[in-house]
Amino acid sequence: MDDDGTLTISGTGRMSDIYEPMWYDWREDIKKVRFSPEVTYIGNNSFKDCVNLTKVFVPESVSEIGDYAFDGCTSLTEATVADGVESIGAGAF
């Protein structure tokens, strides 16, 4: 995560479905999320309870957003979802 609170998700393919991702302890510090263009799936609960997350852009490469991926992100005011997304899970936003 950089100094302005932007978390960049890099790598290729699918993110894991896990309840507490490795950045969970910093969830209150995350303000924006960026994904590399190789990410194809945003895992279940990936950003759950990131209460200060205000902005997210889901790129064209992502075809699916998992269940509760952004649940509890009470400050989220801008979510841009590209046309490549074919499925949005239950309670994703």
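Among the residues of segment 64-90, which ones are small (G, A, S) and either within 19 Å of E28 (Cβ to Cβ) or within 13 Å of the chain's Cα centre (by Cα) (or both)?
Across segment 64-90, the qualifying residues are G66, A69, G72, S75, A79, G89.
Any idea which residue in segment 37-70 is most open to solvent (accessible area, probe 1.4 Å), counting only those that are outside any loop (DSSP other than H, G, I, E, B) and not charged (D, E, K, R)?
As a first pass, look at segment 37-70 and keep what is outside any loop (DSSP other than H, G, I, E, B): 39-42, 55-58, 64-65.
Pick out the ones that are also not charged (D, E, K, R) and you get 39-42, 56-58, 65.
On the way: V39: 3, T40: 49, Y41: 8, I42: 0, V56: 2, F57: 109, V58: 0, I65: 1 Å².
Residue satisfying both the conditions and the ranking: F57.
In segment 48-93, which residues are of a type in the set (F, W, Y) and in contact with a strand residue (DSSP E or B) (Cβ under 6 Å, 6 or more places away or on another chain)?
We begin by selecting, within segment 48-93, every residue of a type in the set (F, W, Y); these are 57, 68, 70, 93.
If the condition is that a residue be of a type in the set (F, W, Y) and in contact with a strand residue (DSSP E or B) (Cβ under 6 Å, 6 or more places away or on another chain), then F57 is the only one that fits.
I'm checking my understanding of the structure. Among residues of segment 17-29 that are in a loop (DSSP other than H, G, I, E, B) and within 14 Å of A69 (Cα to Cα), which one is least open to solvent (accessible area, probe 1.4 Å)?
That would be P21.
Could you say which residue among N52, N44 is in contact with a Ser or Thr (Cβ under 7 Å, 6 or more places away or on another chain) and touching a residue at least 40 places away in the same chain (Cβ under 8 Å)?
Going through N52, N44 in turn, the sole match is N52.
Among the numbered criteria (1) open to solvent by less than 80 Å² (accessible area, probe 1.4 Å); (2) within 9 Å of the chain's Cα centre (by Cα); (3) not acidic (D, E), which single criterion is violated by R34?
Going through the list (1) open to solvent by less than 80 Å² (accessible area, probe 1.4 Å); (2) within 9 Å of the chain's Cα centre (by Cα); (3) not acidic (D, E), R34 breaks only (1).
The values are calculated or read from the model by the stated rules, or taken from the named source; none is laboratory data. Since the structure is predicted, the reported quantities are computational estimates derived from the model, not experimental observations. When we count neighbours, we look across all protein chains shown, and the Cβ atoms used for this are built from the backbone with ideal geometry, even at glycine. Side chains are part of the model used for accessible areas, which takes the heavy atoms of the whole protein and leaves out ligands, DNA and RNA. Shrake-Rupley method; radii C 1.70, N 1.55, O 1.52, S 1.80 Å.
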